[in-house]
Amino acid sequence: MDPTKNWNSEKQSAFLYRVLSQHESNPERKHLFERLGEEAENQAAIWEAKFTPGLSPTHFKIPLRVYATSLLIRVFGPRNLRGILSAMKVRGMSVYLPQITSHAMPNEVSQVGSRHHGLGAGGWLRASVFGVNDGLVSNASLVLGAAGASLDHRTILFTGLAGMAGGAFSMACGEYISVKSQREFFEKQIALEKEELQLYPEEEAKELALIFEARGLSKADAERTGKALIADPARALQTLAREELGVDPDDLGSAPLAAGSSFLSFVVGAFVPVSPYLFTFMESPLVVSVFLTALSLLGIGASVSLFTGRSAFWGALRMLLLGAFSGVCTFALGYALNVGIS
């Protein structure tokens with residue numbers, strides 16, 4: 001462990017906490033960041049005591065990345081930057097997560113973290129539904145654009161299949177990198193929390209108490225709960241990850257699974273508009289393609305209402321209108337290009 005590196009890290013956090021407290025309008029959160037800044041300074045002092053004589057840094061220099069983040073906080077506010085701030089060792093971002101009013105704040109250790117259970121359920125289903133929608137709209141637009149350019153059926157078929165394959169691989173690669181990067185980030189942050197928990201457990205207990213207090217627990221109960229949690233290192237690490245990082249360590253996501261589900265869902269959606277062109281005997285595959293696409297859009301729109309809680313009818317109609325707008329625009333573009341070139 002490099003004391004200088006850790007000292008700089010704590011000083012950076014303290015600087016950002018001060019900026020956050022200055023630009024946070026909520027009194028409880030403002031107080032939280034002020035106290036967390038003080039704790040970061042205390043932890044920096046612990047590392048400073050470990051410096052080799054004569055090698056201590058003379059003063060803290062604000063790195064460009066940290067200074068740029070402070071400017072972004074001033075412009076966009078703390079809530080909109082919680083992901084970036086978590087990556088820069090700024091804790092307490094869970095106070096910006098949606099509150100679950102049906103669950104009270106914990107009054108005992110066993111209740112801590114219970115509000116997180118089940119929050120990730122159905123996440124893969126949501127991603128699959130939107131993956132199908134992406135494949136459906138993008139490939140339907142591609143088919144309509146090719147049809148607008150008066151391409152023959154065989155060319156439209158190959159264009160649609162190529163679009164399906166290219167889009168599916170693109171979605172899979174993008175989802176893999178996204179989930180993998182996020183997982184690596186959280187694994188690094190959790191490892192850092194584990195290291196700090198071993199080095200200065202009392203300071204970590206104070207940080208937890210501050211966060212619990214900011215979320216509505218009395219100061220005495222918050223301090224008691226924080227100390228009780230730190231007594232169980234395994235549970236403490238789980239809670240620190242949830243309350244300080246706003247993440248469930250047991251639900252970081254699987255990159256291969258995310259990539260595979262994105263690939264398959266995109267293929268399912270993209271195959272619908274191109275499928276009529278597989279049948280050579282069909283005289284008007286475009287009409288059938290438009291019909292199947294519209295029907296699928298209505299179904300997806302109704303399915304999305306399961307996640308939003310909105311009306312299934314209006315959800316289906318909205319999805320149909322958006323898909324129709326995209327299709328009409330690409331058909332008109334294909335037609336215009338064909339006329340212009342010819």
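Sorting 321-334, 144-157, 205-218 by average packing, meaning the other beta carbons within 10 Å per residue, from highest down gives 205-218, 144-157, 321-334.
Placing dummy labels 7 Å off each Cα toward the beta-carbon, the span from LEU161 to ARG183 is 3.3 nm. Placing pseudo-labels 7 Å out from each Cα toward the beta carbon at GLU195 and PHE325 gives an inter-label distance of 4.9 nm. Remark: the ILE62-ALA332 segment gains 91.9 nm on full extension, using 0.36 nm per residue and subtracting the alpha carbon distance.
What pairs in LYS11/LYS206; LYS61/LYS89; LYS5/LYS194; LYS61/LYS194; LYS11/LYS50 have C-alpha atoms more than 21 Å from each other?
Details: LYS11/LYS206 18 Å; LYS61/LYS89 17 Å; LYS5/LYS194 17 Å; LYS61/LYS194 27 Å; LYS11/LYS50 15 Å.
The answer is LYS61/LYS194.
Per residue, how many Å² of accessible area does the range 147-237 show with a 1.4 Å probe? Present the calculation step by step, with values, prior to reporting the outcome.
On the way: 4700 Å² over 91 residues.
Result: 52 Å² per residue.
Annotation: extensible slack from ARG318 through ALA220 equals 30.2 nm (criterion: 0.36 nm per residue apart, minus Cα-Cα distance).
The values are calculated or read from the model by the stated rules, or taken from the named source; none is laboratory data. All values derive from a computational prediction rather than experimental measurement. When we count neighbours, we look across all protein chains shown, and the Cβ atoms used for this are built from the backbone with ideal geometry, even at glycine. These accessible areas exclude ligands, DNA and RNA; they are computed on the full protein's heavy atoms, side chains included. Shrake-Rupley method; radii C 1.70, N 1.55, O 1.52, S 1.80 Å.
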